1. What shape does the range 113-187 have by the C-alpha gyration tensor, where a ≥ b ≥ c are the square roots of the eigenvalues, rounded means a/c under 1.5, and otherwise prolate means a/b greater than b/c and oblate the rest?
2. Based on the Cβ-Cβ distance from Leu74 to Leu12, what FRET efficiency comes out when R0 is 22 Å, to the nearest 0.05?
3. Which FRET efficiency value, to the nearest 0.05, is calculated for Leu109 and Asn59 with the Förster distance at 41 angstrom and r the Cβ-Cβ distance?
4. Report the gain in length on full extension from Leu126 to Trp26: 0.36 nm times residue separation, minus Cα-Cα distance, nm rounded to one decimal.
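None of the figures in this text is laboratory data; all of them are computed from the coordinates on show. As the structure is a computational prediction, the values presented were derived from the model and not from experiment. Here Cβ is always computed from backbone atoms with ideal geometry, including for glycine, and neighbour counts include all displayed protein chains.
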Amino acid sequence: MSQSPFTQLLDLACGAFLLAAVVVLWRRELTAIVRLFALQGIALAAIALLLGLREDRWNLIVVAAGIGALRAALLPYLIRRALNALVAGCGESEEVRETQPLVNVAASLLTAAALTLLAYAVARPLVELDPTPATHALPVGLAVVLIGFFVLVTRRRALAQVVGFLLLDNGITATAFLAASGVPLIVELGVSFDVLLAVLVLQLLTVRVREAFGTTDIDDLRELHD
């Protein structure tokens, strides 16, 4: 693959990867947020695939296929199933929306812009050390890490926080790919299984909490504790 098409495709994949994280802050419907997470998984798989094709590394291509299966298909399916279980269990639709996030949409989007600028400023010395198309895109991975953490701490619904955790993990994975042109296959498999296990546990806990207390709103649960 020649330099110019590779650079263009990598920029497109990284742009879609970052855009999906930003739009998560704009949408409140949990079903739409899950779809955006799945789209981001596709973009992450595309980044790994492009790096594998560029460097003729079959292990990166295998990792890309695994990322696509896990983060664009299996994990969104598990989150949707947990969401459907919550709605079926309470017979209401209140759980399908993030009705009152701690930070409103406008402020969230402005924060996302500030975090992206911060990521570019922090990553600038690293980018200058190895000026390749992959390292030039390194700030995108860092920006998604920061945005994922922001989603994690500002959303009230448990499932929205799960998505924030997964966005953060996607950002860490993308940063590893862009900084080091991928990670060993066994390492990525281990991390992926850890993430899958964490999501399964969080899914089970979310459903059980909803059955026991009637809500997954963190503030409501804190009031019950008080």
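1. Judged from the Cα gyration tensor, the range 113-187 comes out oblate (a/c at least 1.5, b/c at or above a/b).
2. Values: r = 25 Å, r/R0 = 1.12.
So the FRET efficiency works out to roughly 0.35.
3. Details: r = 38 Å, r/R0 = 0.92.
Step by step, r from the Cβ atoms, then E = 0.65.
4. Numbers: separation 100, 0.36 × 100 = 36.00 nm, distance 3.04 nm.
Value of the extension gain: 33.0 nm.
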